[in-house]
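Written below as structure tokens is the structure these notes are about.
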Amino acid sequence: MIYFDNRVFGGTCQKKATQADFELEKIYSDIETLRQHLNLGKFVLVGHSGQAYMALDYAKKYPDNVSHVVMIGMSPTHDD
């Protein structure tokens, strides 16, 4: 199991975060960069709460890289 914290969650950002750091495209790119760096083939991607949506969207963008998506503790929508 590999734990990955996205660039603006939990104080992992090396610089002051900007609005651009929150763009989903950057987060998907970070996940893909890590996958390549670790030389992973297809993998199971797990997301919790809001990150469950990120996991699902990553899988939609890179379907050949994901064997399963596990979505935990999320609401059906982000609507009020």
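Residues in the range 22-48 that are aliphatic (A, V, I, L, M), closer than 13 Å to R7 by Cα and loosely packed, with under 14 Cβ neighbours inside 10 Å: L24, L34.
Condition check ((1) among the β-branched types (V, I, T); (2) in contact with an Asp or Glu (Cβ under 9 Å, 6 or more places away or on another chain); (3) not in a loop (DSSP other than H, G, I, E, B)) across all residues:
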position	(1), (2), (3)
Y28	no, yes, yes
T33	yes, no, yes
N39	no, no, no
L45	no, no, yes
Q51	no, no, yes
M54	no, no, yes
Y58	no, yes, yes
H68	no, no, yes
M74	no, no, no
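When the test is whether a residue is polar (S, T, N, Q), at pLDDT below 90 and surrounded by fewer than 13 Cβ atoms within 10 Å (Cβ to Cβ), Q51 does not pass it.
Restricting the range 1-44 to residues that are under 26 Å from H68 (Cβ atoms) and hydroxyl-bearing (S, T, Y), the residue that is modelled with the highest pLDDT is T33. Checking each residue in the range 21-55 for being out of contact with any strand residue (DSSP E or B) (no Cβ under 9 Å at 6 or more places or on another chain) and of a type in the set (F, W, Y) picks out F22, Y28. Among residues of the range 1-20 that are in a loop (DSSP other than H, G, I, E, B), those with a beta-carbon under 7 Å from a residue that is at pLDDT below 70 and surrounded by 14 or more Cβ atoms within 10 Å (Cβ to Cβ) at least six positions away or on a different chain give the pairs R7/C13; A17/V8.
The values are calculated or read from the model by the stated rules, or taken from the named source; none is laboratory data. Nothing here was measured: the structure is a model prediction, and the numbers come from that model. A quick note on method: Cβ atoms are made from the backbone with ideal geometry, for glycine too, and the neighbour counts reach across all protein chains shown.
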